[in-house]
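Reviewing the structure listed below.
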Amino acid sequence: MTIEARLSDVRAKIAAAEKAARRPGGAATLVAVSKTFGAEEIRPVIAAGQRVFGENRVQESQGKWPALKAEHDDIELHLIGPLQSNKAADAVALFDVIETVDREKIARALAAEMKAQGRSLPVYVQVNTGLEPQKAGIAPEDAVSFAGFCKRELCLDVIGFMCIPPAEENPGPHFALLAKLAKEAGLEKLSMGMSGDFETAIAFGATSVRVGSAIFGAR
Ligand SMILES: *Cc1c(COP(=O)(O)O)cnc(C)c1O
């Protein structure tokens, strides 16, 4: 299958999952995760109409996205990987949405950079729903108060929660937990679901799904 065929296959599956969940068409935005792939692989996906992309490394993104963004002024680039404070300035300059705010230090660094650059970006708080020690994200019990802190104290534009469920577990309960926490926090957006489970995530209310290998192929 060509990259274009895989993209349209994913889009069709998203539409079918929205319908099955009795949600309106377009309820779940596709974030095409292009990490490890170069501009040559990304261009056909842009040409097929895709505009929202996700990357997990700031430095890797700086190597390919400035040129692609110069070619298309309506690209929306999401940072979906862990962020270090010393990369906050670069991240705020290049990305349009930051999905991985998970601790006070990085929240403060982002808030300061957004102010300095005059760029107020929408952000998600990443929640470690499986409490995995090796995984980024704030503990579920702290997620609602942390989102409130980021909004009230730091004036960050927190729009939702993001999670990556443990690879070996049934993702449904994790998606349900994220949806419950977002409701409690009064947040509308839920970034959840990847190539293996985006249809399940849509059934649990995902407003965006982050799909990489199902579009670009194995990494
Ligand atoms: C790589 C990645 C994805 C996409 O994973 P696939 O299984 O290739 O769809 C989604 N979210 C995050 C945070 C990632 O790092």
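What the table shows:
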read-out: Qualifying residue in the stretch 174-194 (condition: within 14 Å of the ligand (Cβ to nearest atom) and over 20 Å from ALA139 (Cβ atoms)); value: yes
read-out: Any hit, the stretch 133-148, residues being open to solvent by 70 Å² or more (accessible area, probe 1.4 Å) and under 30 Å from GLU40 (Cβ atoms); value: no
read-out: Unmet requirement for ILE46, which otherwise passes all of (1) without any contact (Cβ under 8 Å) to a residue 60 or more places away in the chain; (2) open to solvent by less than 10 Å² (accessible area, probe 1.4 Å); (3) in contact with a strand residue (DSSP E or B) (Cβ under 8 Å, 6 or more places away or on another chain); (4) not charged (D, E, K, R); value: (3)
read-out: GLU199 under 27 Å from GLY217 (Cβ atoms), within 18 Å of the chain's Cα centre (by Cα) and open to solvent by 20 Å² or more (accessible area, probe 1.4 Å); value: yes
read-out: Residue list for the stretch 61-82, restricted to those being within 12 Å of the ligand (Cβ to nearest atom) and open to solvent by less than 70 Å² (accessible area, probe 1.4 Å); value: HIS78, LEU79, ILE80, GLY81
read-out: Search result, residues across the stretch 206-218 that are under 20 Å from ALA182 (Cβ atoms) and either assigned to a loop (DSSP other than H, G, I, E, B) or polar (S, T, N, Q) (or both); value: ALA206, THR207, SER208
read-out: Condition check for THR100: surrounded by 17 or more Cβ atoms within 10 Å (Cβ to Cβ), in contact with a helix residue (DSSP H, G or I) (Cβ under 7 Å, 6 or more places away or on another chain) and either under 21 Å from VAL10 (Cβ atoms) or not hydrophobic (A, V, I, L, M, F, W, C) (or both); value: no
read-out: All positions within the stretch 13-38 that are without any contact (Cβ under 8 Å) to a residue 60 or more places away in the chain, under 20 Å from the mean Cα position of the chain (by Cα) and at negative phi; value: ALA15, GLY25, GLY38
read-out: Any chance ALA185 is open to solvent by 10 Å² or more (accessible area, probe 1.4 Å), free of Cβ contacts under 8 Å to residues at least 12 places away in the same chain, of a type outside the set (Lys, Arg) and on the phi < 0 side of the Ramachandran plot; value: no
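The values are calculated or read from the model by the stated rules, or taken from the named source; none is laboratory data. Keep in mind that this is a model prediction, so the values were computed, not measured. Cβ: placed from backbone, ideal geometry, glycine included. Neighbour counts: every protein chain shown. Note: areas computed on protein heavy atoms with side chains; ligands, DNA, RNA excluded. Shrake-Rupley method; radii C 1.70, N 1.55, O 1.52, S 1.80 Å.
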